[in-house]
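To start, the structure under review is shown below, and the notes come after it.
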Amino acid sequence: MSDSIEPRFRRLLVTGGAGFIGSCFVRDVLARRDGRSITVLDKLTYAGNRVNLAPAEADPEQAARLRFIVGDIADPAAVAPLVAEVDAVVNFAAESHVDRSILDPEAFLRTDVMGVHVLLEACRAERDRAAKGLRAAPRFLQVSTDEVYGSVESGESREDDRLEPRSPYSAAKAAGELLARSYFVTYGLDVVVTRGSNTYGPYHHPEKLIPLFITNAIDDQQLPLYGDGLQRRDWLYVADHAGAIGHVLEHGAAGETYNLAGNNERTNREIVTELLARLGKPWSLVRLVEDRPGHDRRYAMDSSKLAALGWTNKMPFGDGLAATVDWYRQNQDWWRSIKSGEWEAYYRRQYAARLAGSREAT
Ligand code: NAD
Ligand code: TDX
């Protein structure tokens, strides 16, 4: 099944649209030139970067269909008037880094739980207006994560499996998506949920494994590998993640949840080995450091439900990794400006003691 020529939802509110996956979604939707308009609502936290939308803003036809508003999804006054104007809300906004959730969980509860609640309340008010014939009811798509299943030692998680989140981040994400589902059950809101796997590609904040290791390696800095480095993740290219979300937005059934797998399971050691080979850098940069507390050993999902909806990922893993390494080589201004200021304090807090107590990785 291909995407419908005439999109069902023409006016979108994309929250967190200045982040890694949200900005890819915005760029890709606008580049289709199918008449859809997007309002981005983004708090521009340390993770948000308006430059991520520069390719769309530089094109007059796309820029005319893009509006950017700096604001907080947990602020009802900012959210309500925007939700009143759109056909669908796609919520990417979140605190997204597991390590930061371990250092300081509060912001995760505020945005990933309370922020979702505020968005849902605004959608509920619009659904009430729809019931009076004043408009069509908006759809709400909650972007969730494979981490809500917890560590999956064997097999693949399916959508109706138990949720066993184990970090403050994944617990907050689970709460957010369960709240969204409860608004479908209780209030009849048109809600869909996606659970994406570990995503990689251009514009990925350098706090995360792949961009951290690429950018550190370019600078011949140490690569802090947690524990034994044999944890397993399933990697999904960012344009495939954004595309699958767009597909679920258009074709997903109300009240349903869809796994978005990458089907590229690798140990962290395998990832590092592939990155170093592509960068021509030595394994001696790798240091084994103290493990992440509560570190999930493995994630893996079955995404046949998404496949039945007619979606297939396009990017082969090797090509995606090559494109990613090239992007970080060619866009050093982008990540060097992020790896300054607040970043330096974060990096010290997260890694200084770990690297001091690290050992050689054999
Ligand atoms: P990101 O950290 O790169 O971007 C998050 C964006 O949300 C930023 O632009 C930030 O400024 C904005 N934001 C944060 N708090 C906000 C608030 N209160 N109000 C408005 N905007 C706010 O995250 P990402 O990696 O692009 O992830 C996007 C979504 O996808 C998240 O919901 C995340 O949980 C989910 N997800 C991510 C991955 C992954 O591997 N990156 C995998 C699965 C699911
Ligand atoms: O310095 C590091 N060293 C290391 O060994 C970092 C930052 C990570 N790791 C390990 C931890 C994980 O096993 O690499 C793996 C990937 O780590 P992250 O990039 O932090 O991602 P992860 O914790 O798996 O979560 C990601 O995927 C699911 C996203 O950050 C989440 O937002 C998403 O929901």
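The values are calculated or read from the model by the stated rules, or taken from the named source; none is laboratory data. These numbers come from a predicted model, not from an experiment. Every residue, glycine among them, receives a Cβ derived from its backbone with ideal geometry; neighbour counts consider all protein chains shown. Just so you know, the surface numbers come from the protein's heavy atoms only, side chains and all, with ligands and any DNA or RNA stripped out. Shrake-Rupley method; radii C 1.70, N 1.55, O 1.52, S 1.80 Å.
Summed over the range 2-47, residues that are at positive phi and more than 14 Å from the chain's Cα centre (by Cα) total 3.
How about the range 67-103: which of its residues are assigned to a helix (DSSP H, G or I) and within 16 Å of ligand 2 (Cβ to nearest atom)? Within the range 67-103, VAL98, ASP99, ARG100, SER101, ILE102, LEU103 qualify. Per this entry, GLY35 is not counted among residues that are of a type outside the set (D, E, K, R), closer than 26 Å to ASN198 by Cα and either open to solvent by less than 30 Å² (accessible area, probe 1.4 Å) or assigned to a loop (DSSP other than H, G, I, E, B) (or both). Confirm whether ASP326 is within 30 Å of ARG50 (Cβ to Cβ), surrounded by fewer than 16 Cβ atoms within 10 Å (Cβ to Cβ) and acidic (Asp, Glu). Criteria met by ASP326. Residue-level analysis places SER167 among those that are open to solvent by 10 Å² or more (accessible area, probe 1.4 Å), within 16 Å of ligand 1 (Cβ to nearest atom), in contact (Cβ under 8 Å) with a residue 24 or more places away in the chain and out of contact with any Cys (no Cβ under 8 Å at 6 or more places or on another chain).
Scanning the range 115-154 for residues that are open to solvent by 60 Å² or more (accessible area, probe 1.4 Å) and in a loop (DSSP other than H, G, I, E, B) yields LYS132, GLY133, LEU134, ALA136, GLU153, SER154. Being among the β-branched types (Val, Ile, Thr), surrounded by fewer than 16 Cβ atoms within 10 Å (Cβ to Cβ) and within 19 Å of THR145 (Cα to Cα): is that true of THR267 here? It is true that THR267 is among the β-branched types (Val, Ile, Thr), surrounded by fewer than 16 Cβ atoms within 10 Å (Cβ to Cβ) and within 19 Å of THR145 (Cα to Cα).
Within the range 235-257, being assigned to a strand (DSSP E or B) and open to solvent by less than 10 Å² (accessible area, probe 1.4 Å) holds for one residue alone: LEU236.
In the list ARG162, ARG135, which residue meets the criterion of being over 30 Å from TYR226 (Cα atoms) and among the basic types (Lys, Arg)? Of ARG162, ARG135, the one residue that is over 30 Å from TYR226 (Cα atoms) and among the basic types (Lys, Arg) is ARG135.
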